[in-house]
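The values are calculated or read from the model by the stated rules, or taken from the named source; none is laboratory data. Note that the structure is predicted; figures quoted are calculated from it, not measured. We place every Cβ from the backbone using ideal geometry, glycine too, and count neighbours over all the protein chains shown. Only protein heavy atoms, including side chains, enter the accessible area calculation; ligands, DNA and RNA are left aside. Shrake-Rupley method; radii C 1.70, N 1.55, O 1.52, S 1.80 Å.
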Amino acid sequence: MTAAVQRAKEQLERGRSEILQRHRAGAGGQEVVRAISDLTDQVISALFAEIAGEGERPLALVATGGYGRRELAPRSDVDLLALLPVQRNETAESIAEQLHRALWDIGLEAGYAARNLEQCVQLAREDHTIRTALLDGRLVAGDAQLFKGFERATVTELEQRRVEEFIADKLEELDERRKRYGGSVWLLEPHLKQGKGGLRDLQAALWIARVRHKVAGLGEAGERGLLPQREVTAARAARDLLWKLRNELHYATGRRDDRLTFDNQRRLAQALGYLDDGEELGVEKLMRETYIGLSELARASDALIDRCAVEDAPKSALRRVPKPQPIDSSFKLWNGRVTVADKDVFARRPAEMLRMYAVAETYGVPVYSYARDLLVQELQRIGPQLATDREAHFELWQLLVREGSDGSALQPLHELGLLGALFPEIERLRMRAQHSLYHVYTVDTHTVFALMRVMRLRAGALAEAEPELTRIARAQERPLVLMLGLLFHDLGKGLGPDHSARGVELVRGYARRIGLDPADAADVEWLVAAHLKMSHISQRRDLEDQQLIDSFAREAQTRERLEMLYLLTYVDMASVSPENWTPWKAHLLRTLYERTHATLLAEGLGAPEHAHSLEARRERLAERLGKLAGEQAAAARDFVQVLPERYLASARPEVAARHFKLWVIARRSGFAGEMHRSASGETDLTLLAKDRPGLLALFTAALAANGIDILGAEVNSLGGGIALDTFVVRETGGGAPSASRWEAARADLLRLLSGADDPHQLVQKRLRRASWASTAAPSVATKLRVDDVSSAEMTILDVVTQDRPGLLHTIADALHRTGVSIEVARIATEGNRATDAFYLRDLAGARLPGSSGKIADPERRAAVVSAVREAIASLAGRG
């Protein structure tokens, strides 16, 4: 027995080595999983022969699950059933036990069970997952007659008696799995097996087809007309790709690993020969092909399920199917679905392909799969003609601006290729991955999601969460301009460094191609050119700088343009990733919109009443705080008098009241701080201390040292020598900082302010014990830019770099050491990318007569930039 185990172990190792060489030489995914399954058969059969001996073998070895389907990946479990006779047989039980031990001895990870037929049937009736595994049963070795009885009992009988129950279980399981692993194929780190469009989706569809129609595999599904041959071919190619990727994942990681994490994406791109070029990274090419494969499998799986689970179900299993109900000359209702009146509908008028989905939306029912198949066939036949078909574009426009539409038709239009046929500009970017934590979706998918979001906004579906944006969206008189601006806003990506300018060129080409109204075309061009403007200004510029607001208002020209850009910016940001739209970003964007809107309303720019309105606001705030302060009314008036214009222009009275109480404490003791959870769910941290150079560096050192991340910052220097800084914070890894964490940071900060602790040593201790997964995320190149135009009083330093613990402290400390003061800080985090802006005043230059405080000397500006760059590089080196 020992010799047999050793021979089996050597056979397994040799075979695995040879299969790995075939994989490295470029073997397809199916070739490899079949080879691994065949090798496993050979090894198990040889072991079984050694243990059972010659002659009658009173049991059958049955491969189940993925092994039964001959789909073993390099690190897959081997699911094996030792099928015993119904009557107890000690010889069979002994063989089964010896085989189980031998499998583990040779290093084969086996999911192993020994049961008789009655036990198998009973377990299958109780648990649909066991029933499913047994559906894939395949004889490896042993008693063929015993296995035939197994097939009859566990497949034929169960299929006839429990088809509807089985299908319902599989559909529920599919729905739950997609919810758990993400209901989209375009996830940042897709799961090749369990995610939407993954290998399990196709398996579920084939299980359902098997119990409904006795279909075994994709080939038979095509032969029986359950799937068009084109979809069968595409699904086979997609499955082969996913198998190949999964095989490489298992080989590269040495374990069962089916998720394409960022580090795995880089591994696979390199191992499988996806190379960078001038337009696209190798890893982005890999992910584009992956997304195409996932979407093809999702489409084929859903179509097969649609046919087998509902449309082809026997009438006894459903309510009585009504007769077709005509809708118009092109479409009819049949069996709860919209379908075509005849097979030539789309050939007569291709625009009907678009209108069919509007009709389906009107009736609130899906499109029949037969009609979808006809649509795809016609789309392949007419080729690029649809791009210039004005009727088809008009139908799309009608769909986009339709009252009450939630945009649900857009996804199938995109997945079927209709949007790409109408807009070659979109098709060029189909499944184009963006290798960053910030951009969760491919460019084309992000565009579709953005359009769907603005349609939901106009339909009132987001009224509770976004009441003001909903009001503005529903009041738009030219919604098509907004829709086309959204459609084209990112389509210039991959054509050059400035994708906004490239997008404008694409809009001009589209307007000529379709004959778009010149006034509408001009506004669409402006929206595309300016689509990053409001997010940039709101997150990186001082919104209390009236000159900045005036400049932006002049650029917008009209309130209608401003409203459309506000809406576009919101849906663009909210459709980048589920976590990107935060209350802090919403507040900044709304502030920019409201200030610009007020300026446009003022019949001329410059807001001549600005100084007067600030004084009026100061008086109103003083009166409000005086009533709240009671005996401290006089102190409240003093507080209001030392507030800078920036604070007065935006502070809410209830926030100012909290800040006033802290100011009283800080004026007496030199420091005050408070952490506050806002109604929006964000955590605000307010710190007040005696103002001095480098104060922000001390604040940020204490926070970084205690694992408190800064998502936004507002720096205010009050009259009387007190600094009031507010931060939007979270605990590293997410969530609000705990009270104990804040108390530890507060204690550290008091020691820093007193000089008892060194900020560098404090942060270094934090960095040494920090463990964060930034190495697995795509790297972000550091970019620094000096802006001497946007502010008349200060020099602005824009910093884009990879976010790391201690980053803000590192930058603030470097700026302090170069002798510049941070007057305003705009902090934003996009995935693992920090996009910060610092308004700087030159402490040396500010003392010169007539100086504005800007860093005027080019050499000095260069020195400041160099110091910040070196500090960021040193932090990255420590990470």
ask   = Going down the table (Lys533/Lys783; Lys585/Lys627; Lys285/Lys493; Lys179/Lys493; Lys196/Lys343; Lys179/Lys285), which pairs top 22 Å between alpha carbons?
value = Lys585/Lys627; Lys179/Lys493; Lys196/Lys343; Lys179/Lys285
ask   = How much mean residue ellipticity at 222 nm does the chain get from its helices, if each DSSP H run of length 4 or more adds -39500 (n - 2.57) and you divide by all residues, to the nearest 500 deg cm²/dmol?
value = -18000 deg cm²/dmol
Accessible area per residue in Å² at 1.4 Å probe, computed on the chain = 43
ask   = How big is D for segment 470-567, in µm² s⁻¹ as a whole number, if Stokes-Einstein is applied with the Kirkwood radius of its Cα pairs at 4 °C and 1.567 mPa s?
value = 92
query = In whole percent, what relative contact order does the chain give with Cα contacts below 8 Å and a gap of six or more residues?
reply = 7
remark   = For the pair Thr362 and Arg559, the simple spin-label estimate (label points 7 Å beyond Cα toward Cβ) gives in nm 3.5
query = Where does each of Arg224, Arg746, Arg595 land when they are ordered by accessible area, with a 1.4 Å probe and the largest first?
reply = Arg224, Arg746, Arg595
ask   = Assigning unit charges at the beta carbon (Lys, Arg +1; Asp, Glu -1) and nothing else, what dipole magnitude in debye, to the nearest 20, does the chain show about its Cα centre?
value = 500
ask   = Can you give me the pair-distance distribution of segment 377-424, C-alpha pairs, 5 Å bins, whole percents?
value = 5, 20, 29, 26, 14, 5, 1
query = Once label points are set 7 Å from the Cα along Cα→Cβ at both Gln761 and Arg428, what is their separation, rounded to one decimal in nm?
reply = 5.9
Nearest-10 value in Å² for the accessible area of Trp334, using the 1.4 Å probe = 70
remark   = Counting all Cα-Cα pairs in segment 327-425, those more than 15 Å apart amount in percent to 57
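Ignoring ligands, DNA and RNA, please state the percent of accessible area on the chain from carbon and sulfur, probe 1.4 Å.
C and S atoms contribute 49 percent here.
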task = Find the all-direction average of the projected area of the Cα convex hull for the chain, expressing the result in square nanometres with one decimal place.
result = 44.7
ask   = Label Arg785 and Ala519 with points 7 Å out from Cα along Cα→Cβ: what is the distance between them in nm?
value = 3.4
Heavy atoms of Asp276: accessible area, 1.4 Å probe, square angstrom to 10 = 110
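Calculated FRET efficiency, Glu279 and Glu743, Cβ-Cβ r, R0 45 Å, to nearest 0.05?
With R0 = 45 Å, the Cβ-Cβ based efficiency is 0.30.
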key: Kirkwood hydrodynamic radius of segment 1-91, Cα pairs, Å   = 14.5
remark   = Taking alpha-carbon centroids only, segment 484-528 lies from segment 89-131 a number of Å equal to 64
Cβ-derived FRET efficiency at R0 51 Å, Glu173 paired with Gln87, nearest 0.05 = 0.90
